[in-house]
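Student: One structure follows; several queries about it will come next.
The values are calculated or read from the model by the stated rules, or taken from the named source; none is laboratory data. Nothing here was measured: the structure is a model prediction, and the numbers come from that model. We place every Cβ from the backbone using ideal geometry, glycine too, and count neighbours over all the protein chains shown. The protein model used for the area step is the full one, side chains on, heavy atoms only, and it has no ligands, DNA or RNA in it. Shrake-Rupley method; radii C 1.70, N 1.55, O 1.52, S 1.80 Å.
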Amino acid sequence: MKTILLIIVASFLPIVTNSQEKTDELFINWNKETVSSLKSINETLTEQNYAKNRLEARFAYWEIKDESQLNRNSIRYTFLKILNKKIDSKDLVIIEADHSGEYYRIQNFVVYLNANNKLDLEIYRYDRNEGWKLEKIITSYDGKINSILEKNGKDFINRDDIIVSHFELGKILSSEYFLFETLKNNEVKKIISIE
């Protein structure tokens with residue numbers, strides 16, 4: 001009986017190990033893309049200083065010392081684990097739009113193609129005591145991935161820093177960091193204003 005149990009447990013180990021290795025690699029690659037975006041900000045000296053400050057803050061927020069470090073307890077890593085199979089969808093965008101002010105609200109918006117090739121939108125909030133919580137699901141969201149990824153629009157200017165990351169089939173394609181008042185994308189505004 002013990003032998004059968006060991007064989008069953010051993011057969012599941014590669015699945016767990018491969019899944020964790022994939023999440024580890026994706027976490028590091030996602031951080032590298034975001035850090036690369038932050039390091040490329042050089043429009044003005046003021047923006048360069050803000051970017052340097054944000055980079056230091058991001059490392060502290062992700063609880064790592066550099067973008068190549070792995071921390072499975074990080075807020076970002078635990079979020080990736082929640083996405084599980086969704087991260088393998090054909091197109092997926094994560095919008096990290098933390099709101100600071102009198103209180104600090106950590107929220108992620110996930111837009112992805114579902115099995116019917118329609119967009120679904122999920123809104124997650126982070127609670128210090130309970131971790132990530134799914135707050136809302138909107139099925140058949142009326143929008144387009146390309147519209148979310150556009151960098152320029154007409155009216156909206158972000159009031160907080162925003163990170164827009166694009167994934168495809170479990171790989172990070174881009175992760176753009178937008179400092180305060182540098183993103184003009186009305187589709188992102190529409191998403192982050194959903195309550």
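Student: For residues that are in contact with a helix residue (DSSP H, G or I) (Cβ under 9 Å, 6 or more places away or on another chain) and part of a loop (DSSP other than H, G, I, E, B), scanning just the range 71-89, find the one that is least open to solvent (accessible area, probe 1.4 Å).
Tutor: Ser74
Student: Picking from Ile137, Ile157, Ile191, which residue would you name as being touching an Asp or Glu at 6+ places or on another chain (Cβ under 8 Å) and modelled with pLDDT of 90 or more?
Tutor: After ruling out the rest, the residue left standing is Ile137.
Student: Within the range 29-70, can you find the residues that are surrounded by 16 or more Cβ atoms within 10 Å (Cβ to Cβ) and free of Cβ contacts under 8 Å to residues at least 60 places away in the same chain?
Tutor: Scanning the range 29-70 gives Asn31, Val35, Leu55, Arg58, Phe59, Trp62, Ile64, Glu67.
Student: Sticking with this one: Give me the pairs, please: first residue somewhere in the range 82-101 and free of Cβ contacts under 8 Å to residues at least 12 places away in the same chain, second residue anywhere and basic (Lys, Arg), beta-carbon distance under 7 Å, and either six or more positions apart or on two chains.
Tutor: none
Student: Still on this model: Answer yes if at least one residue in the range 138-151 is surrounded by fewer than 15 Cβ atoms within 10 Å (Cβ to Cβ) and closer than 26 Å to Ala57 by Cα, and no otherwise.
Tutor: yes
Student: Out of the range 99-125, which residues are charged (D, E, K, R) and open to solvent by less than 10 Å² (accessible area, probe 1.4 Å)?
Tutor: Glu122, the sole residue that qualifies.
Student: Quick check on my filter: what residues within the range 126-137 are open to solvent by less than 40 Å² (accessible area, probe 1.4 Å) and acidic (Asp, Glu)?
Tutor: Result: no residue meets the conditions.
Student: Mind checking which pairs have a first residue in the range 121-140 that is among the polar types (S, T, N, Q) and a second that is open to solvent by 80 Å² or more (accessible area, probe 1.4 Å), Cβ under 9 Å, 6 or more apart or different chains?
Tutor: Within 9 Å, the pairs are Thr139/Lys118; Ser140/Asn116; Ser140/Lys118.
Student: State the number of residues belonging to the range 176-190 that are free of Cβ contacts under 8 Å to residues at least 40 places away in the same chain, in a loop (DSSP other than H, G, I, E, B) and over 18 Å from the mean Cα position of the chain (by Cα).
Tutor: Selection size over the range 176-190: 2.
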